[in-house]
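Data first, discussion second: the structure below is written as structure tokens.
Every number here is computed from the coordinates shown, using simple stated rules; none is lab data. Note that the coordinates shown come from a computational prediction; the quantities given were computed from them, not determined experimentally. For neighbour counting, all protein chains shown are included, and Cβ atoms are generated from backbone atoms with ideal geometry for every residue, glycine included.
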Amino acid sequence: MKIFISCFECVKNNHQDIYGYDYLEIHSNKIYTLTCNRGHTSEVYVQEEPFEILFDMGILALLDGYYREAVSNFAASLERFHEFCVKVMLDHNRTSHDEFSKTWKYFASSSERQLGAFYISYLNTFGKAPENINEFKIDGRTLSNFRNRVIHNGDFPKHQNVLEYARKIYDYMISILKEMEQEFDDAIRRVISTGDTRKGEMMSSNLTISSCISLNDIGFGVFGERTFDDTLKDFKERKDLIYKK
């Protein structure tokens, strides 16, 4: 899958007649090197977090009829979302990015440990237990059971069940992010801006693609206003501009 990257040199120099862009392969490093059709070469930092891109990829798979792949992407998005939340809460407490990275390696191979780290971080930050997403049900099964049967047991899920799986994860993430926005939107922006690249070096050219989650709306009073259905409808209309096979 490729993602739309625009040339900031063209934007800066107002070359509207030949607006430089390209579609580049998505990778884990958020820095993309672009050479546009005017010959400009630049490094662009895509601000969307991995969980945002993964959720978008889940929606793309769902719309294309690849339901098992959609479940896998949504599940991965949820795991990376919990990691992002832990980063934000620790950043709020002034924990260094390097120390977080060292410690997170202890959890990297276990989704259960990562979820546990999120629960404890949330409890320590907000003084209350977080909502337990594993208690949510789809067709009489918990979300974790639904996911495991699809990913590990080879079940073929129905479209409606995958759509409901996406909806529940979307609503869950938006709910937590809105709560975090009220407490420490500055920490959220620091984590978005630094990412995991080059030990937090700030890039001069930043790009946002306006994902389904739209994390970059945080702090502007509009985050989380759209329902899942509204988000899905909007994404259908612009997905071909953002992503390309």
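Per Stokes-Einstein, at 37 °C and 0.692 mPa s, what whole-number D in µm² s⁻¹ belongs to the range 67-178, with the Kirkwood radius over Cα pairs as the hydrodynamic radius?
Translational D for this selection: 219 µm²/s.
Between the helical axis of 50-64 and the dominant principal axis of the chain, each derived from Cα atoms, what acute angle in degrees is found, rounded to the nearest 10?
The two axes meet at around 80 degrees.
Which translational diffusion coefficient, to the nearest whole µm²/s, is obtained for the chain from the Stokes-Einstein equation, given a Kirkwood hydrodynamic radius over C-alpha pairs, 37 °C and 0.692 mPa s?
After rounding, the answer is 172 µm²/s.
When the chain is fully extended, how far beyond the present Cα-Cα distance does Gln160 get from Ser210, taking 0.36 nm per residue of separation?
15.5 nm
Before rounding to the nearest 500, sum -39500 (n - 2.57) across all DSSP H runs of length at least 4 in the chain and divide by the residue total; then give [θ] at 222 nm in deg cm²/dmol.
Computed ellipticity for the chain at 222 nm equals -17500 deg cm²/dmol.
What nm value, rounded to one decimal, do you get for the distance between Asp64 and Asp230 when each label is placed 7 Å out toward the C-beta?
Taking the simple label geometry, Asp64 and Asp230 are separated by 2.9 nm.
Lone cysteines in the chain, going by a 4.7 Å Cβ-Cβ cut-off?
Isolated Cys, the chain: Cys85, Cys212.
At 37 °C and 0.692 mPa s, what whole-number value in µm²/s does Stokes-Einstein give for the translational diffusion of the range 2-46, with Rh from the Kirkwood sum over Cα pairs?
Estimated diffusion coefficient is 310 µm²/s.
Helix 67-92 against the longest principal axis of the chain: what's the angle in degrees, Cα atoms only, rounded to the nearest 10?
80 degrees
Determine the alpha carbon to alpha carbon distance for each of Lys102/Lys178; Lys137/Lys178; Lys87/Lys178; Lys87/Lys128; Lys128/Lys239; Lys137/Lys233 and list only those over 26 Å.
Lys102/Lys178; Lys128/Lys239
As an exercise, identify the trypsin sites (Lys or Arg not before Pro) in the range 122-199 lying in DSSP coil whose Cβ has no more than 15 other Cβ atoms within 10 Å.
Lys128, Lys158
Just to be sure I understand: if I project the alpha-carbon convex hull of the range 14-76 onto a plane and average over all orientations, what area do I get in nm²?
The Cα convex hull of the range 14-76, projected and averaged over all directions, gives 5.5 nm².
Rule-of-thumb check for the range 1-110: C-alpha Rg over 2.2 N^0.38 Å?
The value comes to 1.33.
What do you get for Rg/Rh of the range 81-147 when both radii come from the Cα atoms and Rh is the Kirkwood radius?
Dividing the radius of gyration by the Kirkwood radius yields 1.04.
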